Every structure is written in C-alpha cells, then in structure tokens.
Amino acid sequence: MSKTILITGASSGLGEEMARQFAARGHDLALCARRTDRLEKVRAEILAARPYARVEIRALDVNDHDQVFEVFKAFAADLGSLDRVVINAGLGKGAPLGTGRFDANRDTAMTNFVAALAQTEAALEIFRAQDSGHLVMISSMSAMRGMPKTVTTYAATKAGVAHLAEGVRADLMGTPIKVSVIYPGYIRSEMNEKVKDAPFIVSTEKGVAAIVEAIEKEKPRAHVPSWPWVPVGYALKHLPLRLARRLMG
Ligand SMILES: NC(=O)c1ccc[n+]([C@@H]2O[C@H](COP(=O)([O-])OP(=O)(O)OC[C@H]3O[C@@H](n4cnc5c(N)ncnc54)[C@H](OP(=O)(O)O)[C@@H]3O)[C@@H](O)[C@H]2O)c1
C-alpha cells in the first residue's frame, strides 16, 4: 500500500537513494535538507519516471530545532498525514578527543544526536495525534562499541540515537506506532567518498536496497546489508576492545 514518507537528509547519499527506491515502490515523499537545489533534482528525476508521484520538498537545517517542528508539521499538512519518518540527516566529522577539535566533535554531536532528538519529538507529536506511524532511525554499525580515533564521537551519537529509538519502542509497544533502528555498515556516499579502504563497503544502490527492504518489513532492528554485518556486529559486541577497535578500520 502506498505510504507517505518523510526523509531528512534527502539531498545526497543514503537519503537521496532511499527517496528513489521508496518512490519506485509507489510511495509519496516529503524530502528535506539544506541543499534544496539537490532536492529539486531528485524530485525531477522521480517525477520523470512516475509523473503521478507526490514529492514535496522543503529546506531544513536540522540544527534549527524550531524549524524541524515547523517543517514536519507543514509536510503532514501537505500530504494529509505522515505514515513514516526516516531520521537520516547526519554528519561524519570528528577528531580524537583532546586534540583541539571540540568544534568538529560538537557539530557531529549536535547534528547526529540533539537534532535527531528534535526530529524524533516532532515525528512523535504527529504520530501520537494520528495514533499511527513508523519511526525509522538511521544509526550505524559503529554504534556497537566505543570506537577509536576520528569516529569516537560519531559512534557515541549513533549508539545514543539507537537507544533513544529503542526507548521510544519500549514506550509505545502495543500501540499502532512502530519503531525501527537501522544499523548500516559502510555504504558509498558523500560522507565516505574520500575513504579508500572502508571494510566491506558496498555501492549506494545495493546498501540502500537492503535498508529499504528492512524498513518496509518494519523490522525493530536491522544490520544492513545483513552479510557481513550481522556476524561483524556480533563480533564487535563480544570481542575484547583491543580486537574490536580494529574491525571497523
Ligand atoms: N554511508 C555510510 O557508510 C553510513 C553508514 C552508517 C550510517 N550512515 C548514516 O546514514 C545517514 C546518511 O549519511 P550518508 O552516508 O548518506 O552521508 P551524506 O551523503 O553526507 O548525506 C548526509 C545528508 O545529511 C544531510 N545533513 C547533514 N547535516 C544537516 C543539517 N544540519 N540539516 C539538514 N540536513 C543535514 C545532508 O544534507 P544537506 O547538506 O543538503 O543539508 C545530506 O543529505 C547519516 O545519518 C549517517 O550517519 C551512513
């Protein structure tokens, strides 16, 4: 059945490809990000393939929290309701702690955690009023353990959002509101375009196909693609830290 799906961070990478793949499945979309020229391009591409699709776009900086609530409400009004919200906007900046780059680590913490909290609040206000909806949190395999070097803050934010979403799931269990946490492994996108040897990296299309499949099944938790990330996730959780720290490259 066709759904209305809001995706944040839809101007590149995973968000942009999710928009394409959800549209190909017949869903209507609400797409937001700061780069609206990129959103216009995605919309034009989708409408060229499916002229009757509904694709709304709005500018949103997720660190402007008032704007998060305004834009989510406006999308709900545009589309009549929101069946699913994918909290995807994210930042991969970072440096080892104590090396003078609090600015980079703070930007990542604010965008990936505090702004995700704002998006979760805004989505759930709408879902509670509708008494329905599917909240999807894009976490990361790096959430499995504390991570070294430039990824320390990023991994902590991704563990934080996964717990946030699981807490919401615990709170709303037995209601029509569903929650999924997606843990992607390395998938090619702008975020890692300069990283040459990310382990097990897959193309954007392949990685996002696995994400979309898991989301459509409304899985509470999904490591994607499942091979090799289900076993790698298990290893990350259980290996001694001196070995786990090497697994994510
Ligand atoms: N690629 C991977 O291997 C991987 C693995 C695990 C998890 N993830 C997660 O997947 C999500 C998408 O990342 P990606 O890999 O697709 O990276 P990407 O290509 O860099 O895309 C990031 C998206 O987030 C948006 N964004 C960043 N800051 C924002 C802000 N302040 N306000 C609004 N939008 C903002 C960007 O849009 P604008 O710049 O236009 O605003 C862009 O659309 C992230 O949460 C990331 O942590 C990615």
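The values are calculated or read from the model by the stated rules, or taken from the named source; none is laboratory data. Only a predicted model underlies this, so the values are computations on that prediction, with no experimental measurement involved. Here the Cβ positions follow ideal geometry from the backbone for every residue, glycine too, while neighbour counts run over all protein chains shown. Surface accessibility is based on the protein's heavy atoms, side chains included, excluding ligands, DNA and RNA. Shrake-Rupley method; radii C 1.70, N 1.55, O 1.52, S 1.80 Å.
Tell me the residue from Val202, Val208, Val232 that is of a type in the set (A, V, I, L, M), on the phi < 0 side of the Ramachandran plot and in contact with a helix residue (DSSP H, G or I) (Cβ under 6 Å, 6 or more places away or on another chain), please.
Values: Val202 fails: in contact with a helix residue (DSSP H, G or I) (Cβ under 6 Å, 6 or more places away or on another chain); Val232 fails: in contact with a helix residue (DSSP H, G or I) (Cβ under 6 Å, 6 or more places away or on another chain).
Matching residue, one of Val202, Val208, Val232: Val208.
Restricting attention to the stretch 42-59 and to residues that are part of a helix (DSSP H, G or I) and open to solvent by less than 70 Å² (accessible area, probe 1.4 Å), the residue that is farthest from the ligand (Cβ to nearest atom) turns out to be Leu47.
Given the residues Leu14, Leu82, which is the only one that is open to solvent by less than 70 Å² (accessible area, probe 1.4 Å) and either within 16 Å of the ligand (Cβ to nearest atom) or in a helix (DSSP H, G or I) (or both)? Working first, answer last.
On the way: Leu82 fails: either within 16 Å of the ligand (Cβ to nearest atom) or in a helix (DSSP H, G or I) (or both).
One residue alone meets the criteria, Leu14.
Just give me the residues in the stretch 122-131 being open to solvent by 30 Å² or more (accessible area, probe 1.4 Å) and either within 16 Å of the ligand (Cβ to nearest atom) or not in a helix (DSSP H, G or I) (or both), in sequence order. Asp131 - this is the single residue of the stretch 122-131 that is open to solvent by 30 Å² or more (accessible area, probe 1.4 Å) and either within 16 Å of the ligand (Cβ to nearest atom) or not in a helix (DSSP H, G or I) (or both). If you go through the stretch 90-114 and keep only what is among the aliphatic types (A, V, I, L, M), open to solvent by 20 Å² or more (accessible area, probe 1.4 Å) and under 20 Å from Arg34 (Cα atoms), you end up with Leu91, Ala109, Met110, Val114. Taking each residue of the stretch 70-87 that is under 15 Å from Pro176 (Cα atoms) and looking for partners that are part of a helix (DSSP H, G or I) with beta-carbon atoms closer than 6 Å, six or more apart or interchain, yields Ser81/Gln130; Leu82/Ala76; Leu82/Ile126; Val85/Ala123.
Among the residues of the stretch 85-113, the one identified as part of a loop (DSSP other than H, G, I, E, B), of a type in the set (D, E, K, R) and farther than 23 Å from Glu17 by Cα is Arg101. Within the stretch 129-148, residues that are among the basic types (Lys, Arg) have Cβ atoms under 6 Å from residues that are open to solvent by less than 10 Å² (accessible area, probe 1.4 Å) in these pairs: Arg145/Leu236; Arg145/Ala244, counting only partners at least 6 apart in sequence or on another chain. Do we have Leu39 as closer than 11 Å to Asn88 by Cα, under 17 Å from the mean Cα position of the chain (by Cα), near the ligand (Cβ under 9 Å from one of its atoms) and assigned to a helix (DSSP H, G or I) here? No, not satisfied.
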